[in-house]
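Where a number appears in this text, it was derived from the coordinates with a stated rule and is not lab data. Nothing here was measured: the structure is a model prediction, and the numbers come from that model. Note: ideal-geometry Cβ built from the backbone for every residue, glycine included; neighbour counts use all protein chains shown.
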Ligand code: PGA
């Protein structure tokens, strides 16, 4: 099965209007093959500005979060309806920074995935283990504990519209990348975990790797059987580097 290749640029709390001009003028002219999608995820406040600048049909708009609630007295939150109005198509959910810094729970994350799907948005569900967890050989247990509540909440069939990003916490922003073999092994575990629930669905899910991906290491990572693209933080802010990573995905 030909799975969709997806490259997500997670700008985190970086970027500005000038950067939006620069990156869109560089990326709009790139000719992508049909099976490559590039998702740009700025801060909420820039979604509208970025939306008006994207003219390449392979480039989609993504947000870095979503509220699990539909509307109401939730100061500082952003609803699915609001994201839809801004032409957002993808939503990063459960990034380790949301889990660790902002205390998001597995149940809340599962609610967010449900909310996104119910409103036609594609969730990019982030999972990953910390360094001590890997050292204690708990990686598979942790990943299972992060996936199961989402499966329980939405049902495995809905995973046909979910993207899963595996991001080992110890590799995020540290310059330490999982080796391609280690990343493949973990991606294979994730696909098998989903396959235990429904093999056909598992085969179609795009699994992204994230954590210090750059132009130099992307080729080997994306060449792995169960890696269908990347969730890129730091390197998504360097236009030339990000362009190379996007073109690497075309060839993988
Ligand atoms: P990084 O971040 O590429 O800077 O490691 C990845 C992420 O947090 O999504």
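For the chain, the 222 nm mean residue ellipticity estimated from helices alone, with every DSSP H stretch of n ≥ 4 adding -39500 (n - 2.57) and the total spread over all residues, rounds to -11500 deg cm²/dmol.
Expressed as a rounded percentage, what relative contact order does the chain have, with Cα pairs under 8 Å and six or more residues apart?
It comes to 21 percent, rounded to a whole number.
Sorted largest first, the spans of the alpha carbon positions of the chain along the three principal axes are 46, 44, 34 Å.
Cβ-Cβ distance of residue 49 and residue 196, R₀ of 30 Å, FRET efficiency by 1/(1 + (r/R0)^6): the value works out to about 0.10.
What shape does the stretch 20-87 have by the C-alpha gyration tensor, where a ≥ b ≥ c are the square roots of the eigenvalues, rounded means a/c under 1.5, and otherwise prolate means a/b greater than b/c and oblate the rest? Note, shape of the stretch 20-87 comes out prolate. Packing, taken as the mean count of other beta carbons within 10 Å per residue, orders the peptides 57-68, 99-110 from highest to lowest as 57-68, 99-110. Each listed q (0.10, 0.13, 0.19, 0.22 Å⁻¹) maps to a log10 I(q)/I(0) for the stretch 3-135 from the Debye sum over equal C-alpha point scatterers, namely -0.34, -0.57, -1.12, -1.37. Compute the separation of the alpha-carbon centres of the stretch 230-252 and the stretch 114-153 and state it in Å as a whole number. So the separation of the two Cα centres works out to 24 Å.
Using per-residue counts of other Cβ atoms within 10 Å, averaged over each peptide, order 16-22, 199-205 from highest down.
199-205, 16-22
Residue 181 to residue 22: FRET efficiency via 1/(1 + (r/R0)^6), r the Cβ-Cβ distance, R0 35 Å, to the nearest 0.05? According to the calculation, E is roughly 0.45. In the elastic network of the chain, a GNM with C-alpha springs shorter than 10 Å, the most mobile of 235, 215, 73 is 73.
Comparing 128, 15, 233 in a Gaussian network model of the chain, where Cα atoms under 10 Å apart are tied by springs, the biggest mean-square fluctuation is seen for 15.
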